[in-house]
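First up is the structure itself, then whatever we jot down about it.
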Amino acid sequence: MAGYFESEGDCMAKWSVKDIPSQVGTVAVVTGANSGIGWNTALELAQAGGEVVMTARTAAKGQDAVERVRREVPQAKVRYEQLDLASLRSVREFAKRVSSGGRLDLLVNNAGVMRIPVRQETEDGFEMQMGTNFMGPFALTLLLMPALLKSDAPRVTTVSSGAADMGLKRIRFEDMQWKQGYKPWNAYCQSKLADLMLMTELGRRSEAAGKRVLSNAAHPGFARTNLQTSGVGRELTPVESFLMPFMSHDAAHGALPTLQAATDKNAAQGSYYAPEDFFHLKGDPVLIGLPKPARDGGAARRLWDAAEEMTGVRLVDTMLVTA
């Protein structure tokens, strides 16, 4: 597809939060905004003047996150909305509330879980990592399409991971929900590869439908966040503990690739941002190429069709709402 970026970008000037264009008049949704990458993304969007809907699974965490942003940015236009991506019911309810408010300019699919040690299922029967990291964001993106298409420049930025090109480097179509032979790390890797396929296929299908949705992605590198340090019932491995001081950066720096993907006016369809240094583990954000498995168009189409079937949400239906 025209506009896809598939090779390493050169560094040139370092991109920072000072390069975020004014967000005055824009409306954004940031999922998983109560901590880490999501909270820092919401903070900087609000600092730039945007109206930000910050999601979290509980009111206590969500309201606390909103108050922390307001302490940093007293004039911030931020609010909390409950969203649990492990529940399609919650996704539908959230999308209905947000869409009733009118236009949406930016969706940042940030929330996720990592390396759950014992297989768990969402309320819809999906393996927890695949359900939370991919199925929920997939359904959310499609259900918010009517609101996004009211924008002059709608954008969907999906947060993936370097793990998309590690461990299991394919979609396990024969058993996507890991009912057999569950491996926590491989299940996580699959879910983040699926996120990149969501990004690329959304761009392709939007263009095919004659829509102007910009779909791109980012990964934060090795960022010191709640996801990295604890997740759901996990502890750092000895290797992670050893590498943490040398090969990682804080959540504010980890959010920079997401912020560039979400706001840079020069961002192209299918662009992918990540930290520059130490095998993309830390450093300033730069454009990088998509890993080979994410460039498999046939697998992306197959995954998209499977996700529509499993979630019961179809892009053609949500786009027709605005036709």
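The values are calculated or read from the model by the stated rules, or taken from the named source; none is laboratory data. As the structure is a computational prediction, the values presented were derived from the model and not from experiment. Cβ sites come from the backbone with ideal geometry, for glycine too, and all protein chains shown count toward neighbours. These area figures cover heavy atoms from the full protein model, side chains too; ligands, DNA and RNA do not enter into them. Shrake-Rupley method; radii C 1.70, N 1.55, O 1.52, S 1.80 Å.
Residues in region 156-176 that are of a type in the set (A, V, I, L, M, F, W, C) and either free of Cβ contacts under 8 Å to residues at least 40 places away in the same chain or assigned to a helix (DSSP H, G or I) (or both): 163, 164, 166, 168, 173.
To keep it simple, each residue is scored yes or no on (1) among the β-branched types (Val, Ile, Thr); (2) under 30 Å from residue 145 (Cα atoms); (3) surrounded by fewer than 23 Cβ atoms within 10 Å (Cβ to Cβ); (4) modelled with pLDDT of 95 or more.
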| site | (1), (2), (3), (4) |
| --- | --- |
| 204 | no, yes, yes, yes |
| 238 | no, no, yes, no |
| 242 | no, no, yes, no |
| 254 | no, yes, no, no |
| 259 | no, yes, no, yes |
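In region 102-111 there is no residue matching the filter, namely being open to solvent by 10 Å² or more (accessible area, probe 1.4 Å), in a helix (DSSP H, G or I), more than 14 Å from residue 57 (Cα to Cα) and in contact with a Pro (Cβ under 7 Å, 6 or more places away or on another chain). Scanning region 58-71 for residues that are out of contact with any Leu (no Cβ under 6 Å at 6 or more places or on another chain) and either in a helix (DSSP H, G or I) or modelled with pLDDT under 95 (or both) returns 59, 60, 61, 62, 63, 64, 65, 66, 67, 68, 70, 71. Beta carbons closer than 8 Å, at least 6 apart along the sequence or on distinct chains, pair a first residue in region 285-310 that is aromatic (Phe, Trp, Tyr) with a second that is open to solvent by 20 Å² or more (accessible area, probe 1.4 Å) for 304/205. For the criterion of being among the aliphatic types (A, V, I, L, M), more than 19 Å from residue 199 (Cβ to Cβ) and outside any helix (DSSP H, G or I), residue 118 passes. Scanning region 177-211 for residues that are outside any helix (DSSP H, G or I), touching a residue at least 24 places away in the same chain (Cβ under 8 Å) and more than 17 Å from residue 135 (Cβ to Cβ) yields 209, 211. One residue stands out among those in region 289-320 that are in a loop (DSSP other than H, G, I, E, B) and not β-branched (Val, Ile, Thr): the one that is farthest from residue 132 (Cα to Cα), which is 289.
Within region 285-298, the presence of a residue that is at pLDDT below 70, of a type in the set (Lys, Arg) and within 18 Å of residue 160 (Cβ to Cβ) is excluded.
Yes or no, residue by residue, for (1) over 21 Å from residue 153 (Cα atoms); (2) crowded, with 18+ Cβ neighbours inside 10 Å; (3) of a type in the set (A, V, I, L, M):
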residue: 30; (1), (2), (3): no, yes, yes
residue: 39; (1), (2), (3): yes, yes, no
residue: 56; (1), (2), (3): yes, yes, yes
residue: 65; (1), (2), (3): yes, yes, yes
residue: 87; (1), (2), (3): yes, yes, no
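Does region 180-192 contain at least one residue that is in contact with a strand residue (DSSP E or B) (Cβ under 8 Å, 6 or more places away or on another chain) and open to solvent by 10 Å² or more (accessible area, probe 1.4 Å)? Checked region 180-192: at least one residue is in contact with a strand residue (DSSP E or B) (Cβ under 8 Å, 6 or more places away or on another chain) and open to solvent by 10 Å² or more (accessible area, probe 1.4 Å).
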